Amino acid sequence: MFRRRSEDEQVSTTTAVLDDQVRDPQAPKGRPTPKRSEAQSQRRKAATAPTDRKSAARQARDARRTEMAKQRQALAGGDERYLPVRDKGPVRKFARDYVDSRFRVAEFFLPIAVLILIMSIIGSLQSLSLLLWLVVIVAIVVDSVITAVRLRGQLRARFPDKSHKGAVAYGLMRTLQMRRMRLPKPQVQRGVKL
């Protein structure tokens, strides 16, 4: 029961077990399995990682720089492949085109705000500047509500099977930027029917 088997018995049982198993033809097994430390060292060599910290940082910085250059070109030209995730997809493209196709009150907020600040410095125009602040804020809110309702309706009509999550907010945030400062750059002219 607890005695040792002879070597002949052990060899015969192991060969019988190996012959019964069917090997996968894809498995290249004519060699011994490498130790874990050997396999890890081979993987590290294959990665060709730099040996010192400075060259690793330089390599990472160069890779990040080339990726950002591709994104900048995509934002300038509208190339869908390299756009950031928040700007990808036909729903976001339509939201951009919808906002860019018309004048929006919110895009003129910064120039008007500078004008109002200058008017508030002048003593006789301070009350007029406060009234102008109120008018501009109400106009932006009304224009944003109208834009949101119309954009949501257009998205539902054109893309009934796609997700519209965040697309209206994306379009409204785009209205707050001046047209020439928008990224991705506007692809449609003002007044174009979509």
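Taking region 126-148 on its own, how many of its residues are aliphatic (A, V, I, L, M) and open to solvent by less than 60 Å² (accessible area, probe 1.4 Å)?
Count: 5.
Scan region 150-172 and report the pairs whose first residue is farther than 15 Å from ARG86 by Cα and whose second residue is open to solvent by 70 Å² or more (accessible area, probe 1.4 Å), with Cβ atoms within less than 9 Å and a gap of 6+ or a chain change.
Qualifying pairs under 9 Å: GLN154/LEU194; LEU155/LYS162; ARG158/LEU194.
Answer with yes or no whether ILE112 is in contact with a helix residue (DSSP H, G or I) (Cβ under 9 Å, 6 or more places away or on another chain) and loosely packed, with under 13 Cβ neighbours inside 10 Å.
In short, no.
Which pairs do you get when a residue that is part of a helix (DSSP H, G or I), found in region 45-66, comes within reach of a residue that is modelled with pLDDT under 90, reach meaning Cβ atoms under 6 angstrom, with the pair 6+ apart or on two chains?
As it stands, the answer is ALA56/PRO50; GLN59/PRO50, since those pairs meet every condition given.
Listed here are the residues, each with its yes/no results for (1) touching a Ser or Thr at 6+ places or on another chain (Cβ under 6 Å); (2) in a loop (DSSP other than H, G, I, E, B).
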position	(1), (2)
ILE116	yes, no
SER120	yes, no
SER127	no, no
ILE140	no, no
THR147	no, no
ARG190	no, yes
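Within region 88-114, work out how many residues are farther than 14 Å from MET181 by Cα, assigned to a helix (DSSP H, G or I) and either touching a Ser or Thr at 6+ places or on another chain (Cβ under 7 Å) or of a type outside the set (Phe, Trp, Tyr) (or both).
Number of matching residues: 10.
Does PHE103 count as open to solvent by less than 80 Å² (accessible area, probe 1.4 Å), farther than 30 Å from ASP161 by Cβ and either under 17 Å from the mean Cα position of the chain (by Cα) or at pLDDT 90 or above (or both)?
For PHE103, the condition - open to solvent by less than 80 Å² (accessible area, probe 1.4 Å), farther than 30 Å from ASP161 by Cβ and either under 17 Å from the mean Cα position of the chain (by Cα) or at pLDDT 90 or above (or both) - is not met.
Just to be sure, is ARG158 surrounded by fewer than 17 Cβ atoms within 10 Å (Cβ to Cβ), over 25 Å from GLN73 (Cβ atoms) and touching a helix residue (DSSP H, G or I) at 6+ places or on another chain (Cβ under 8 Å)?
yes
The values are calculated or read from the model by the stated rules, or taken from the named source; none is laboratory data. These numbers come from a predicted model, not from an experiment. Counting neighbours? That spans all protein chains shown, and the Cβs are built from the backbone with ideal geometry, glycine included. Accessible surface is based on the protein model in full, side chains and every heavy atom, while ligands, DNA and RNA are left aside. Shrake-Rupley method; radii C 1.70, N 1.55, O 1.52, S 1.80 Å.
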